[in-house]
Protein chains: 4
Amino acid sequence: MVPEIGDSVSKARIEALTDGVFAIVMTLLVLDIVVPHLSHSEASTELVKRLLGLWPTFLGYASSFIILGFFWIGHDSQFHYIKRVNRTLLWITIFYLMFIALIPFSTSLLGVYQDQQISVIIYGANLTISLCWNYLHWWYATKDHRSVDSDLDPILITVLSRRYLVGIIIFLVAIAISFVNIHLSLVLYIGAPLYYLIPVQKHKSWTWFTKNK
Amino acid sequence: MVPEIGDSVSKARIEALTDGVFAIVMTLLVLDIVVPHLSHSEASTELVKRLLGLWPTFLGYASSFIILGFFWIGHDSQFHYIKRVNRTLLWITIFYLMFIALIPFSTSLLGVYQDQQISVIIYGANLTISLCWNYLHWWYATKDHRSVDSDLDPILITVLSRRYLVGIIIFLVAIAISFVNIHLSLVLYIGAPLYYLIPVQKHKSWTWFTKNK
Amino acid sequence: MVPEIGDSVSKARIEALTDGVFAIVMTLLVLDIVVPHLSHSEASTELVKRLLGLWPTFLGYASSFIILGFFWIGHDSQFHYIKRVNRTLLWITIFYLMFIALIPFSTSLLGVYQDQQISVIIYGANLTISLCWNYLHWWYATKDHRSVDSDLDPILITVLSRRYLVGIIIFLVAIAISFVNIHLSLVLYIGAPLYYLIPVQKHKSWTWFTKNK
Amino acid sequence: MVPEIGDSVSKARIEALTDGVFAIVMTLLVLDIVVPHLSHSEASTELVKRLLGLWPTFLGYASSFIILGFFWIGHDSQFHYIKRVNRTLLWITIFYLMFIALIPFSTSLLGVYQDQQISVIIYGANLTISLCWNYLHWWYATKDHRSVDSDLDPILITVLSRRYLVGIIIFLVAIAISFVNIHLSLVLYIGAPLYYLIPVQKHKSWTWFTKNK
């Protein structure tokens with residue numbers, strides 16, 4: 001008999017590829033922080049001022065690093081429950097990584113043009129789309145318990161889904177706010193991940209879901 | 001007795017090296033999307049236009065990322081069946097990776113000179129040669145069932161081989177077309193991977209092969 | 001029953017992310033050593049002199065590489081004893097990596113402005129803060145034997161803690177010295193890691209700790 | 001009892017760090033191949049010529065990639081026999097990686113100044129020193145069967161040692177030749193790895209060693 005051709009994919013290798021991309025993206029962010037070029041005589045008087053002037057770049061570095069941390073945890077959490085990976089899931093991961101790998105660009109754009117709405121929108125869109133792929137990944141994997149254990153609690157599935165959706169909504173609101181106030185929008189981007197620090201409350205979510213489903 | 005010296009190679013480490021190279025190549029592609037340099041006053045009027053003008057670079061980024069996704073899957077599929085790796089197979093992988101690691105260069109070249117035939121040819125040649133090494137890897141590994149299980153179905157071996165060959169032919173045709181129409185050639189590069197989304201049809205391929213062998 | 005949601009994190013993947021970041025940071029350091037640009041005629045007479053003039057960059061490369069080696073060993077040692085990883089520990093690692101990934105910037109700054117106190121302070125601060133996160137990681141993991149085996153010897157825990165603290169103190173002293181003499185400060189940065197080459201003396205530390213606790 | 005503190009190091013993580021560094025170094029080499037900058041009108045007539053003019057860079061890319069392949073295999077072979085890793089071995093690996101990570105610099109230097117003896121010497125010195133660390137690693141690991149199985153055949157140990165020594169000698173000769181003829185020197189660098197393709201002949205080497213020891 002011909003074995004099933006190529007639909008199952010090694011989970012370990014997808015994790016390796018993902019960890020590799022995250023490690024590189026996180027590290028590439030530093031290339032954006034450029035050492036100022038000053039002549040020897042200028043350096044003694046100007047260097048400190050110039051370095052302090054880099055604060056938006058440092059802030060961008062820190063927020064993107066932390067946001068990437070949240071994304072990485074999101075991926076790790078899913079793979080905690082996902083037992084089998086097929087081609088479709090793999091492609092969702094590849095498209096997800098395609099947007100994750102764009103984050104150094106959007107961060108850099110925001111660092112240079114932090115007062116331009118278009119940079120704020122692009123940065124937000126990049127995060128939103130990444131999160132959408134993440135959500136799609138979870139939705140596809142758990143639909144009919146396709147790639148997770150058949151006895152995985154449906155509540156857990158919905159609770160995690162909701163967490164992605166809330167994140168997406170927060171980012172969309174932040175993008176909308178950029179039309180009114182760019183700085184508020186930026187505050188929301190940096191603040192959004194805090195939502196994920198709220199521990200999941202089991203019973204509350206149970207009620208919430210039985211009421212809404 | 002002297003143990004056999006150094007001909008067997010750790011499969012796990014080749015996978016790690018390959019995943020590392022792919023993760024980096026995928027991520028390096030982003031370095032090609034350069035944030036435009038504008039003065040403060042220009043930025044408010046020009047930035048959007050300049051960013052929209054980056055579309056060929058973004059398109060190049062996306063297609064190369066997706067094509068790398070297909071290549072990665074191709075490597076993963078082979079290692080699903082390959083059980084033992086010897087030095088020759090490893091060297092084929094290293095030459096394969098040498099051309100995979102060139103993709104950021106060809107993509108960059110195509111992004112800058114998308115109207116020059118030479119860029120179209122080089123990009124196509126890079127993909128074709130990479131695929132040839134991939135095919136050679138599979139051919140060498142399955143010849144006399146050298147590195148695969150002895151009961152691996154010969155049909156599966158041939159079906160996978162054919163998939164590589166069809167890909168190589170499509171890329172060669174795309175290169176040939178560049179002499180007539182560069183844009184058609186580019187469309188074919190981007191469209192070629194779609195071939196690999198066609199699920200393998202078992203019985204049809206069986207007939208095809210018994211008729212042709 | 002709802003399984004515990006997302007608090008446990010895969011130890012293997014944190015190690016993979018960490019190893020990835022370290023590998024990239026170590027390798028990015030080389031991008032700082034720029035090949036001099038000389039005309040053909042200048043090259044024959046000037047190239048050697050120019051390459052010799054790169055010595056501070058080479059020295060910076062070597063010291064940062066070695067210091068990263070010590071940090072990597074420090075992480076590996078901890079994970080030798082840590083058995084379970086939760087979200088808090090993971091976040092400490094992410095913040096730790098955020099400062100590790102800054103080292104190419106501080107190294108580059110020091111390479112260009114090795115005679116400016118601010119570069120010496122930033123380089124030292126980068127190392128100190130990284131080490132602090134490292135120490136915090138160990139402290140959190142071993143508090144009430146949270147993430148280590150319950151029978152892990154408390155002395156070992158304290159001995160390792162002390163080693164982090166001594167390192168932090170050395171770096172702080174080096175920063176303080178930069179107000180008096182920059183070169184002495186640099187010598188101390190490069191010399192500090194030597195402390196970690198001293199093998200741990202069991203009985204001495206035992207006495208030391210029983211006396212101090 | 002206090003457990004032995006921190007002298008044993010995770011073999012899997014050293015392999016991960018090494019594979020990461022090699023994957024990045026191999027991929028960074030491509031950054032050296034810079035897309036030529038030409039105006040739209042120049043491109044149609046000049047691009048092909050300019051790309052052909054990049055041949056020394058492509059040659060440098062290919063040879064460094066292949067040489068890194070040999071180094072990677074050398075590391076993999078050693079770890080095939082090495083069962084335990086201690087701190088000293090780890091430090092040898094870190095110093096080894098420090099020189100491996102310099103290869104993109106030496107390659108780049110050679111690409112720009114391929115007619116200057118100093119570039120030829122630096123490239124050769126980089127390879128020689130890397131190989132020396134590799135040899136030292138094997139020597140330390142096998143001394144008194146420190147890190148290998150106690151029944152590992154001493155002949156195998158010596159045969160592998162000899163292979164490192166011959167490589168070191170070839171590279172040293174190539175450096176010496178650069179004082180007479182730079183091109184001959186370069187040919188030798190590229191040709192040297194071919195030595196490692198010669199399969200180890202068991203009985204011949206046996207005789208060789210019994211005669212010389």
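The values are calculated or read from the model by the stated rules, or taken from the named source; none is laboratory data. Since this is a predicted model, take the numbers as computed values, not measurements. Methodologically, a virtual Cβ is constructed for each residue, glycine included, from the backbone with ideal geometry; neighbour enumeration extends over all protein chains shown. The area values use the complete protein model at the heavy-atom level, side chains included, leaving out ligands, DNA and RNA. Shrake-Rupley method; radii C 1.70, N 1.55, O 1.52, S 1.80 Å.
Could you please find all residues in the stretch C:77-94 being touching a strand residue (DSSP E or B) at 6+ places or on another chain (Cβ under 6 Å) and either in a helix (DSSP H, G or I) or within 19 Å of A:Ile24 (Cα to Cα) (or both)? Listed by number, the residues that qualify are C:Tyr81, C:Leu90. Selection of the stretch D:113-123 for residues being touching a Leu at 6+ places or on another chain (Cβ under 9 Å) and either farther than 16 Å from D:Leu59 by Cβ or outside any helix (DSSP H, G or I) (or both) yields D:Tyr113, D:Gln114, D:Gln116, D:Ile118, D:Ile122. Within the set B:Leu131, B:Leu110, B:Leu97, B:Leu68, the sole residue that is outside any loop (DSSP other than H, G, I, E, B), more than 10 Å from every other protein chain (Cβ to nearest Cβ) and in contact with a helix residue (DSSP H, G or I) (Cβ under 6 Å, 6 or more places away or on another chain) turns out to be B:Leu131.
Run down C:Leu68, C:Leu47, C:Leu38 and say which single residue is open to solvent by 10 Å² or more (accessible area, probe 1.4 Å) and not acidic (Asp, Glu).
Values: C:Leu68 fails: open to solvent by 10 Å² or more (accessible area, probe 1.4 Å); C:Leu47 fails: open to solvent by 10 Å² or more (accessible area, probe 1.4 Å).
Every option except C:Leu38 fails the conditions.
Restricting to the stretch D:134-184, give me the number of residues that are more than 23 Å from D:Thr88 (Cβ to Cβ), at pLDDT 90 or above, assigned to a helix (DSSP H, G or I) and open to solvent by less than 20 Å² (accessible area, probe 1.4 Å). Within the stretch D:134-184, residues that are more than 23 Å from D:Thr88 (Cβ to Cβ), at pLDDT 90 or above, assigned to a helix (DSSP H, G or I) and open to solvent by less than 20 Å² (accessible area, probe 1.4 Å) number 2.
The C-beta contact set for the stretch D:79-97 (first residue free of Cβ contacts under 8 Å to residues at least 12 places away in the same chain, second residue open to solvent by 50 Å² or more (accessible area, probe 1.4 Å) and outside any helix (DSSP H, G or I), distance under 8 angstrom, 6+ apart or interchain) comprises D:His80/B:Ser8. When B:Phe79 is tested against (1) within 14 Å of chain A (Cβ to nearest Cβ); (2) closer than 22 Å to D:Val48 by Cβ, only condition (2) is not met. For the stretch D:113-128, a residue qualifies if it is of a type in the set (Gly, Ala, Ser) and more than 10 Å from every other protein chain (Cβ to nearest Cβ), and the qualifying residues are D:Gly124, D:Ala125.
On the stretch given as the stretch D:13-23, residues that are free of Cβ contacts under 8 Å to residues at least 12 places away in the same chain and either more than 7 Å from chain B (Cβ to nearest Cβ) or open to solvent by 10 Å² or more (accessible area, probe 1.4 Å) (or both) total 3. Each residue in the stretch A:50-65 was checked for being of a type in the set (S, T, N, Q) and open to solvent by less than 20 Å² (accessible area, probe 1.4 Å), and 2 pass. Every test in (1) open to solvent by 10 Å² or more (accessible area, probe 1.4 Å); (2) within 27 Å of C:Val85 (Cβ to Cβ); (3) more than 11 Å from chain B (Cβ to nearest Cβ) is passed by A:Val9 save one, and that test is (3).
For the residues A:Leu38, A:Leu51, the requirement of being away from chain B (no Cβ under 12 Å) and not in a helix (DSSP H, G or I) singles out A:Leu38.
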